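Undergrad: I am attaching a structure below and will ask some questions about it afterwards.
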Amino acid sequence: MTHPSPMGPARSRSGVWEFCGNWYFLGPRAFYARQDLAGETRLELLNCHDTDTGFNLKVPSQRASRLRALCGPLSCLFPLPPAHTTSRTAMTLLSGASGLLQKVSLFTWDACLTLANLVTPNLKVGHVVPQGAPGAGGLWPEYIAPGEGDSRCCCPALNALANHGILPHDGRNIKFTDMTQTVRTSFNFAETFCVFVPSYAADVLHKNYKTDTFDLADLNLHNGIEHDASLTRQDTNYDPDQDKPYLPFINELLASATGKDANGAILTTADTSRYSSKRRAESRATNPEFSLDEFHKIFGSSNSATLLTILGGRVADLEPFLREERIPEGWEPRVRQRMGLTMMAFNRTALGVEMGIKEEPVQAHATVEESGHASAATGLRRR
């Protein structure tokens, strides 16, 4: 069997292949998804220890999509960038043993950090952000709203860091490696998470994690990181400018909170699942360009997981964080594990959100105030 070169399509017995996917791992097996010129998705099942042997399995596209989503999260291995965002760098890295070893090392490291969190004491309240780092003791740099020419993206957390000058305020020429360190100290994500996510972003943008820079707006690449049915943004079809929060969605999300504690209203896992169900159904019914594959469904639920973990679901904190993309005065991450929030723990929350989502058709009465596009969407609604 002929395997495609990472640098271009290769000819096999079935004709010329075009790159359609990436490597996906499930236990000891590796799947490589690719698509032929007729648009048929094929999965090649390979032995991780011998990539020269294997067999070719033809599967329906929908089934292949589901398998790509399941191969990652359910085995505590994140799926890698979807087909259309795969870069030559990523393909080259993952084509050899060194790429596989990097992934194995990362997730082994993450498992070790998860275990360490079980046996080490939590950080004390008021000491989650390291001394000397911006935000230590709840003292965050001054908030300055973005101005003309400043670059922002679809991620409220990164925008907040830029608005406080922790990332460059103009949101430009940011090193991926700097983002790793900044997210680690500011939000207490584990080191593994803070390496994986910027590395993923670099691959999506066809850049080198170690040497390249990016502007925040680069992350607005549709169906790269940004996706439809967001809880805080309109779909790209209605508003290509993804750097600003859409307040009607945010207000509705926060108003849906059903939990309570001594500090006030709490957004729960069930709340985010329920509102995600509504957003997906409405977006599917009203947006003629709607797209949301299995990978980006998990990605969307991961965004909800950040609200539930790092921000603790506290509505009082979520209001300035989501509406203004401002870190509240005196705030610190609600995750106090000494090693930070690991990918394994984070995945557990994200999967809890995703499993609670029920995408049932709805009366599309709702939030189709999509920047003056409501009239165009009316004829597309399901009734």
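A short reminder: the numbers here are calculations on the coordinates, not readings from a lab. All figures in this text were calculated on a predicted structure; none of them were measured in a lab. We place every Cβ from the backbone using ideal geometry, glycine too, and count neighbours over all the protein chains shown.
Undergrad: If one computes the Cα centroid of region 221-270 and of region 119-170, what distance in Å separates the two points?
TA: Between the Cα centres of region 221-270 and region 119-170 lies a distance of 20 Å.
Undergrad: Moving to a separate point now. Scan region 183-260 for trypsin sites (Lys or Arg not before Pro) in coil per DSSP, keeping those whose Cβ has at most 12 other Cβ atoms within 10 Å, and list them by number.
TA: The qualifying sites are K210.
Undergrad: Expressed in nm to one decimal, what extension gain is obtained for the pair D239 and E142 from 0.36 nm per residue of sequence separation less their Cα-Cα distance?
TA: Working: separation 97, 0.36 × 97 = 34.92 nm, distance 2.93 nm.
Value of the extension gain: 32.0 nm.
Undergrad: Taking only the alpha-carbon atoms of region 138-203, what semi-axes of the equivalent ellipsoid follow from 5 times the gyration tensor eigenvalues under a square root, in whole Å, largest first?
TA: In descending order, the three semi-axes are 20, 15, 9 Å.
Undergrad: Count the net charge of all other residues whose Cβ sits under 12 Å from the Cβ of L221, scoring Lys and Arg as +1 and Asp and Glu as -1.
TA: Net local charge, L221 excluded: -3.
Undergrad: Short version: ³J(HN,Hα) in whole Hz for each residue of region 119-126, in order, from phi by Karplus 6.51 cos²θ - 1.76 cosθ + 1.60 (θ = phi - 60°), x for Gly and Pro, what are they?
TA: Karplus-based 3J(HN,Hα) across region 119-126 equals 10, 10, x, 5, 5, 6, 4, x Hz.
Undergrad: With a cut-off of at most 12 other beta carbons within 10 Å, and DSSP calling the residue loop, which GluC sites (Glu not before Pro) in region 294-329 qualify? Please list them. Kindly include the intermediate steps, with their values, before the conclusion.
TA: Working: sites: E294, E324, E325, E329; in loops: E324, E325, E329.
Here the sparse-neighbourhood loop sites are E329.
Undergrad: Each residue of region 216-228 in turn: what ³J(HN,Hα) in whole Hz from Karplus with 6.51, -1.76, 1.60 and θ = phi - 60°, glycine and Pro shown as x?
TA: Once rounded to whole Hz, the list reads 4, 4, 4, 6, 7, 3, 5, 6, x, 10, 5, 8, 6.
Undergrad: Another one. Rounded to the nearest 5, what is the percent of antiparallel bridges among the DSSP beta bridges in region 121-378?
TA: DSSP beta bridges in region 121-378 are roughly 75 percent antiparallel.
Undergrad: If amide H atoms are built 1.01 Å from N in the plane of the peptide, which residues on other chains or at least 5 residues away come under 5 Å of the amide H of A265?
TA: Answer set, sorted by chain and number: V315, A316.
Undergrad: Moving on. Per residue of region 198-214, in order, report the coupling 6.51 cos²θ - 1.76 cosθ + 1.60 (Karplus, θ = phi - 60°) as ³J(HN,Hα) in whole Hz, putting x for Gly and Pro.
TA: Result, rounded to whole Hz: x, 5, 4, 4, 4, 4, 4, 8, 6, 10, 9, 4, 7, 10, 8, 10, 8.
Undergrad: While we're here: What does the net charge come to around G313 if you take all other residues with beta carbon closer than 13 Å to its beta carbon, with K and R at +1 and D and E at -1?
TA: -1
Undergrad: Just how large is the dipole of region 121-378 about the Cα centre, in debye to the nearest 20, putting +1 at every Lys and Arg Cβ and -1 at every Asp and Glu Cβ?
TA: Here the size comes out at about 1040 debye.
Undergrad: Less than 26 Å apart at the alpha-carbon level, and either on another chain or at least 8 residues along: which lysines does that give for K207?
TA: K103, K175, K244, K297
Undergrad: Could I ask something else about it? How much space per residue, in cubic angstrom, does the convex hull of the C-alpha atoms of region 121-378 take up? Write down the numbers at each step before the final one.
TA: Numbers: hull volume 31.7 nm³, N = 258.
Value for region 121-378: 123 Å³ per residue.
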